[in-house]
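All remarks here apply to the structure that follows.
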Amino acid sequence: MDSKELYSIRSLREALAGKSVSNIDALITRINKIKQEHIEAEEKAKASKEEKLTGIKEVQKLVKKYGLTKNDISGIEPVSENGLRDGPKRVMQARYRYVDVNGVEHTWSGQGKTPVLLRTVMERDGTTKKDYLISDNNQ
């Protein structure tokens, strides 16, 4: 049977012609089982949607109560079960500022390897990292 046969009484009669009543009852039992699965899936989806809407309403109440903004909420960093941050590591503050060979200004935190562009500028100008250190007054 294809899906077209399921929607037409005439096609169903033709498909079931010559079948015994017990075969038809077995088919009806299987169809009812599939029907029940669909009902349960729809109920689960509806409950999930209602739970989500309830959560959204609770968040909206808290936002209104505490006068929160999008920036306040988007700045929240997820925390794992052990209390450590799961999100990205915080960005290191720039310690060095330099202008590359193309005249574009860059900064570097001083962590990791020296950037290739900075090394190129130091070789070209005969300078050291200390020459590009950002002082507290220049930030």
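Bear in mind these aren't lab numbers, they're just calculated from the coordinates by the rules spelled out. This structure is a prediction, so every number in the text was calculated from the model and none was measured. Positions of Cβ are backbone-derived with ideal geometry, glycine not excepted, and every protein chain shown enters the neighbour counts.
Tell me, how many Å apart are the Cα centres for the range 90-139 and for the range 1-59?
Each part's Cα centre sits 66 Å from the other's.
Once Rh for the range 1-61 is found with the Kirkwood sum over Cα pairs, what is the Stokes-Einstein diffusion coefficient at 20 °C and 1.002 mPa s, in µm²/s?
Numbers: Rh = 14.7 Å.
Reported coefficient: 146 µm²/s.
How far is it, in nm, from the label point at Ser109 to the one at Ser11 when both lie 7 Å from their Cα along the line to the Cβ?
Those two pseudo-labels are separated by 6.3 nm.
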